[in-house]
Amino acid sequence: MISAVSSSTSSVAASNSSNAQIAALEKQIAAAQKQLAQVQNSTTQAGQQEIQQITEQVAALEAQMAQLAASSASSASTATSSPPATTSSSANLPPNLGQNVNVTA
């Protein structure tokens, strides 16, 4: 049971880390898109190159974000899955289990 709690705790920490990384990527994408909007009407060769670079940067950031989201979803489904069922036989149980025992001193 302790291992289930510790793995769940580490999954939550990993999820929080992934969420922070995704938020940072979203900020970078927003900044790049803002920069792209500023140069998108450029007709110079340098402007066109900058548009191409920013577009590639946005695509790479979006790919990183998708990969993080997928791995975060994968770890979240692992953390929420049920632990394996334990089996017990009557040989492992004490003989008075489930019986009411009144002891008076």
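Rounded to the nearest 0.05, what FRET efficiency is calculated for Ala63 and Asn16 with R0 set to 22 Å and r the Cβ-Cβ distance? Intermediate results must be reported in sequence, preceding the final value.
Numbers: r = 22 Å, r/R0 = 1.00.
Computed FRET efficiency for Ala63 and Asn16 comes out at 0.50.
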(request) May I ask you to list the residues of segment 57-72 whose amide nitrogen lies under 20 Å from a point 7 Å from Cα along the Cα→beta-carbon direction of Val39? (result) 57-63
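All of the numbers you see were taken from the coordinates with simple rules; none came from a lab. Every value quoted in this text rests on a predicted model; they were computed, and no experiment measured them. Reconstructed Cβ throughout: ideal geometry from the backbone, glycine too, with neighbour counts over all protein chains shown.
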